[in-house]
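Reading through the structure tokens given below for one structure.
The numbers here are math on the coordinates, done by the rules we state, and not lab data. From a predicted model like this one, the values you see are computed outputs, not experimental measurements. Cβ placement follows ideal geometry from the backbone for every residue including glycine, while neighbour counts extend to all protein chains displayed.
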């Protein structure tokens, strides 16, 4: 095995439930105040809900919704004009910087251990509204960015998992063929199905999302309850 790719959300890290929405509301409210623009709180909540629902529909259908298009839709819903438009969009897209990450237990040791074994590491992630650039910044702040050599962020590739293109983007940067790689993620429909279809080995990490989408696709070849188990698995496969 030459490479391991990881999902980001609920595999490397998560955030407290509702924290991202609250951060978006705070950031947008501050942007509006800075331009003396008033928007009813109910309208903002409604707009965030509609944009979130549209993303869920697009993600489920495999139809890519770029974060900047979602931000533009929110601004239109709020009826914002002039200079405030750009600041509100930026506040919406950058809210992830204001929410502390909760890292998966043992992720530091797992990534370091894989690197010590000569395995190249990548990320394959459906980003939602927090784009790849922002997520790389969060990884850097946690001292994790240097472990990774390749990326497949949906906003940069233009595809969601299980499309082969988002996996291929990361594997290409890692210099690995699918048969030489394993993908680790928490969802059957996207992580497991995408890896299997491309010919990668698959592992479902259930440490942050125990059930995942249990009725939505085939199970992974391996199921891991902790990241330390991944190191043990890699050693067994190499024996």
How long are the three semi-axes of the equivalent ellipsoid for region 1-139, computed from the Cα gyration tensor as the root of 5 times each eigenvalue, in whole Å, largest first?
33, 16, 12
Provide Rg and Dmax in Å for region 64-176, with only Cα atoms included in the calculation.
16.5, 54
Computed over all unlike Cα pairs, the Kirkwood hydrodynamic radius of region 154-234 in Å stands at 12.8 Å
What residues from region 146-173 fall in the zone where the backbone N is under 19 Å from a label point 7 Å along the Cα-to-C-beta line of residue 60?
160-163
Can you tell me what percent of all Cα-Cα pairs in the chain are more than 33 Å apart?
21 percent
Using r as the Cβ-Cβ distance of residue 156 and residue 117, and R0 as 30 Å, what FRET efficiency do you calculate, to the nearest 0.05?
0.60
Added length on full extension, which subtracts the Cα-Cα distance from 0.36 nm per residue, residue 42 to residue 237:
64.8 nm
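Residue 149 to residue 223: extension gain in nm, 0.36 nm per residue of separation minus the Cα-Cα distance?
Details: separation 74, 0.36 × 74 = 26.64 nm, distance 2.46 nm.
Using 0.36 nm per residue and subtracting the Cα-Cα distance, I get 24.2 nm.
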Report Rg(Cα)/(2.2 N^0.38 Å) for region 19-98, keeping two decimals.
1.04
With r defined as the distance between the Cβ atoms of residue 109 and residue 197 and R0 fixed at 35 Å, what FRET efficiency is calculated, to the nearest 0.05?
0.70
Between residue 165 and residue 177, what is the spin-label point distance in nm, taking each point 7 Å from the Cα along the Cα→C-beta axis?
2.4 nm
Please say if region 101-239 is rounded, prolate or oblate, where rounded means a/c under 1.5 for a ≥ b ≥ c the square roots of the C-alpha gyration tensor eigenvalues, and otherwise the choice is prolate for a/b larger than b/c and oblate otherwise?
rounded
Helix 41-61 versus the longest principal axis of the chain: what angle, 0 to 90°, nearest 10, using Cα atoms?
30 degrees
By how many degrees, between 0 and 90 and to the nearest 10, does the Cα long axis of helix 228-238 differ from the longest principal axis of the chain?
40 degrees
What residue among 21, 11, 190 shows peak mean-square fluctuation when the chain is described by a Gaussian network model with Cα springs under 10 Å?
21
Could you work out how far helix 164-174 tilts from the main Cα principal axis of the chain, as a 0 to 90 degree angle to the nearest 10?
70 degrees
Over region 87-131, one equal point on each Cα, no solvent: what is log10 I(q)/I(0) by the Debye formula at q = 0.26 Å⁻¹?
-0.99
Extend 7 Å from the Cα of residue 15 along its Cα-to-C-beta direction; within region 31-49, residues with backbone N under 18 Å of that point are 31-32, 44-49
By counting other Cβ atoms within 10 Å of each Cβ, how are 148, 222 ranked from fewest to most?
222, 148
